[in-house]
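The values are calculated or read from the model by the stated rules, or taken from the named source; none is laboratory data. Values in this document were obtained by computation on a predicted structure and should not be read as measured data. Heads up, the Cβs are rebuilt from the backbone with ideal geometry, glycines too, and the neighbour counts pull from every protein chain shown.
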Amino acid sequence: MTTAIRIGKVVIRSIDKLVDMFVIVIILLLVFIGIFAMWDSKQVYVGATAKQYEIYKPDLEEESVSFEELMRMNPDVFCWLTVYGTNIDYPVVQGTDNKKYINTNAEGNHSYSGAIFLDYRNSRDFSDFSSILYGHHMEKNTMFGEIGSFSDREYFDSHKYGSIYYNRQDHGLDLFALIHVDAYNDAVFRTTFYSETDKQEYLDMIYEEAIYFRYIDVTSSDSIVLLSTCSASSTNGRDILVAKITDQVKEDPFYMEKEKKKEKKKTYKAKEE
């Protein structure tokens, strides 16, 4: 009986040790998964930042050599979009459908952050009355994540302009409306118009749907562009920033602020070194 009890105790201790080891392994595995998830998430956002594309941004004074390199790398690249005072400063692509660039970046590589892309039904010279650009709504103000900021009235009022580069020329963007619609609203997500009246009715609808808007000189003879992204406020909602394309490129009122930030970073790095 004593021997049996002794053996039982040994067995119990062995089982306890195995259970303890199992628990430790599970904890370590969960910690590893957590660390990997954080690393993976960080990589997604790093891949989504506008900073990684800075070397490709068109420079009219230098004949856009770097942008030409990006277009050779990926022939689907044809344009560059900038919204002043935001992190929206990206190359634009267009695929044969609206699916490819959901998980493919502007360099043509797989990426969960995707790319800013033009609706496949639109013309690359933005000659259509309404052109649609899509981008993921991402945290940390990457891709089109900052469009949600325009739902703040003060932010909307202070961010009025941008630029769009295509056909080797820079064009202005006059932002004039923010609308929130359902993703399946075909009346908004259309690219074909049949008459001047049809176009004017579309413009009227934008003003009616607008959360905020400012009256500018925009008519059915102009070309407008819709910057569309998922909305954080509803499951199938879309936040859309609407702009008129112009021949006049406005000065970036936030330029000096950006330069000051760059100088501060340089000074900080110099002190660290």
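Summary of values
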read-out: Residue match in segment 238-248 (condition: farther than 18 Å from L81 by Cα and at pLDDT 95 or above); value: yes
read-out: Residue within segment 206-213 that is closer than 17 Å to G135 by Cβ, touching a residue at least 60 places away in the same chain (Cβ under 8 Å) and part of a strand (DSSP E or B) present; value: no
read-out: Of residues in segment 217-246 being closer than 11 Å to H137 by Cα and in contact with a Cys (Cβ under 8 Å, 6 or more places away or on another chain), the one surrounded by the fewest Cβ atoms within 10 Å (Cβ to Cβ); value: R238
read-out: Single unsatisfied condition, F193 versus (1) under 15 Å from A243 (Cβ atoms); (2) in contact with a strand residue (DSSP E or B) (Cβ under 9 Å, 6 or more places away or on another chain); value: (1)
read-out: Count of segment 222-237 residues which are in a loop (DSSP other than H, G, I, E, B) and either under 18 Å from the mean Cα position of the chain (by Cα) or at pLDDT below 95 (or both); value: 6
